[in-house]
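Please read the structure below before turning to the comments.
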Amino acid sequence: MDKRISPASRLEGSVLLPGDKSVSHRYAMISAIAEGKSKLHNYSTGADCQSTLYCLRGLGIEWTKDGNVVEIEGRGLDGLRAPLANLDAGNSGSTIRMISGILAAQPFTSTLEGDESLSRRPMERVMKPLREMGANLEARDGKYPPLTIHGGPLKPIEYTLPVASAQVKSCVLLAGLFAPGATTVNEAIVTRDHTELALREFGAEVTSRRGAITVQGRPTLTGKELLVPGDISSSAFFLVAACIIPGSRLLMRAVGLNPTRTALIDFLVAMGAKIRVVDVKSTGGELVGNIEITGGDITGGTIEGATTAALIDEIPVLAVLGARSRNGLTVKDASELRVKETDRIATVADNFQRMGVTVETAADGFHIPGGQKFAAAELDSCGDHRIAMAFSVAALAAEGDCTIHNAEAASVSYSEFFDTLHALRA
């Protein structure tokens, strides 16, 4: 699908964001292995989180969906059934990596597959710790989906993440639920802690101390009624849009403000964005609040080290902001971008070059000089939802109409994105 986007003179209004993808995935998976019914409000409407639900259905989990409310009948730790066919994770790396931890402990064999993009994404980072726990896994060329898991009894381990990854951490912790004793994951750089918070809500014993997260095996998990916060990663597109379109005023409502995710707000404020966070409250262990933004004088900045790990999903749209800032943006320590839905360093650079924007790439990042103009151009998401949305935001500040090819990719995480963007044009 092609999407034509005209320049915007101003953006104004309020946005109720879809449910957080990261939280939705985790709530659904844990609900499936809890005992009794769980009711999840504001479950993500993105295709990735629907992939998680369909994988759970393939494992014998019954669920119903009414709008953005999902009810799941949990079957307990030992209640999953052998799938009758391969489990399709679609485009969702979160689904395939995290559910692998659960499947590694099951007394049956299962195979996880995905679309063309997911089939190019490496799985060694979850295969290694699961093998240490006693699982038997096979993959195409030793590392790519389809991923076949011959489940069985697991042993607890202490595992140190070689690269900061909340998905790998979550995979090991979910596997640890089935192993007798304590399973510990050590992380040098703090990653999002939605799994730890969710496990505690459902009744697991989880401790976190000085970068070591430990889960006690064989807990009794109990179904819960929970609200999924609005997705702060999705807010990034509108926050950046408000920064690059003069005179814009936006309100993001009921946004998840988990401290491991608010590096986005901190970074934007450091770059000069005028942001207020108000009406903060806690729900299900997660903080939720409203974000007000009225543009700002954007100076530029550098993303590196721990900040890179915290902002890895938002880097494509922050690159758009960097090009319009006074001093530009430098991104370092971001080699993980090379193995996302696309090589995001390459796809960001390619689309910028189409718009006449200068960008200097490196193996683990890029530098974008500031003060650049965006020419009208034919842009391509290459099937990557974050590239589709990031360059739709860039198109708002272009000197003429732009066309986004493969724009339907946005529905992977935010099916209402283009409708919302259109509604905010003042």
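The values are calculated or read from the model by the stated rules, or taken from the named source; none is laboratory data. Not measured: the values here are computed from a predicted model. Here Cβ is always computed from backbone atoms with ideal geometry, including for glycine, and neighbour counts include all displayed protein chains.
In this structure, is Ser208 in contact with an Asp or Glu (Cβ under 7 Å, 6 or more places away or on another chain), hydroxyl-bearing (Ser, Thr, Tyr) and assigned by TED's automatic domain parsing to the domain that holds Tyr43? Considered against the rule, which asks whether it is in contact with an Asp or Glu (Cβ under 7 Å, 6 or more places away or on another chain), hydroxyl-bearing (Ser, Thr, Tyr) and assigned by TED's automatic domain parsing to the domain that holds Tyr43, Ser208 comes out as yes.
For the stretch 202-222, filtering for residues that are surrounded by fewer than 20 Cβ atoms within 10 Å (Cβ to Cβ), outside any strand (DSSP E or B) and either free of Cβ contacts under 8 Å to residues at least 60 places away in the same chain or of a type outside the set (S, T, N, Q) (or both) leaves 6.
Summed over the stretch 24-41, the residues that are under 16 Å from the mean Cα position of the chain (by Cα) and either polar (S, T, N, Q) or closer than 13 Å to Ser413 by Cβ (or both) give a count of 2.
Comparison of Ile61, Ile72, Ile102 shows that the only residue that is assigned by TED's automatic domain parsing to the domain that holds Ala166 and under 24 Å from Pro129 (Cβ atoms) is Ile102. Looking across the stretch 242-281, the residues that are under 13 Å from Ile291 (Cβ atoms) and assigned to a helix (DSSP H, G or I) come down to Ala242, Cys243, Leu264, Ile265, Asp266, Leu268, Val269. Being buried (at least 20 other Cβ atoms within 10 Å of the Cβ), β-branched (Val, Ile, Thr) and closer than 26 Å to Ser14 by Cα is true for just one of Ile387, Ile303, Ile345, Ile368. Which residue is that? Answer to the check: Ile387.
In the stretch 385-418, the qualifying residues are those that are part of a loop (DSSP other than H, G, I, E, B) and either among the polar types (S, T, N, Q) or out of contact with any helix residue (DSSP H, G or I) (no Cβ under 6 Å at 6 or more places or on another chain) (or both), and the one that is modelled with the lowest pLDDT is Ser413. For Glu12, the stated conditions hold: it is of a type in the set (Asp, Glu) and outside the structural domain of Arg140 (by TED's automatic domain parsing). Mind listing just one residue for me: the one in the stretch 250-275 that is of a type outside the set (D, E, K, R) and closer than 15 Å to Ile312 by Cα and, of those, modelled with the lowest pLDDT? It comes out as Thr260.
Select, from Leu337, Leu379, Leu318, Leu421, the only residue that is under 30 Å from Ile96 (Cβ atoms), part of a strand (DSSP E or B) and either touching a residue at least 12 places away in the same chain (Cβ under 8 Å) or in the same structural domain as Phe238 (by TED's automatic domain parsing) (or both). Sole residue among the options that is under 30 Å from Ile96 (Cβ atoms), part of a strand (DSSP E or B) and either touching a residue at least 12 places away in the same chain (Cβ under 8 Å) or in the same structural domain as Phe238 (by TED's automatic domain parsing) (or both): Leu379.
Yes or no, residue by residue, for (1) hydrophobic (A, V, I, L, M, F, W, C); (2) within 24 Å of Arg210 (Cβ to Cβ); (3) in a loop (DSSP other than H, G, I, E, B):
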position	(1), (2), (3)
Gly142	no, no, yes
Pro153	no, no, yes
Val168	yes, yes, no
Cys171	yes, yes, no
Leu174	yes, yes, no
Thr183	no, yes, no
Val190	yes, yes, yes
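For Leu268, are the conditions met, namely being under 22 Å from Lys21 (Cα atoms) and surrounded by fewer than 21 Cβ atoms within 10 Å (Cβ to Cβ)? No: the conditions fail for Leu268.
Among residues of the stretch 282-299 that are within 18 Å of Asp193 (Cβ to Cβ), those with a beta-carbon under 7 Å from a residue that is among the charged types (D, E, K, R) and surrounded by 15 or more Cβ atoms within 10 Å (Cβ to Cβ) at least six positions away or on a different chain give the pairs Gly284/Glu201; Gly285/Arg200; Gly285/Glu201. Does Ala85 satisfy the criteria of being buried (at least 24 other Cβ atoms within 10 Å of the Cβ), closer than 21 Å to Gly151 by Cβ and either at pLDDT below 95 or in contact with a Gly (Cβ under 9 Å, 6 or more places away or on another chain) (or both)? It is false that Ala85 is buried (at least 24 other Cβ atoms within 10 Å of the Cβ), closer than 21 Å to Gly151 by Cβ and either at pLDDT below 95 or in contact with a Gly (Cβ under 9 Å, 6 or more places away or on another chain) (or both).
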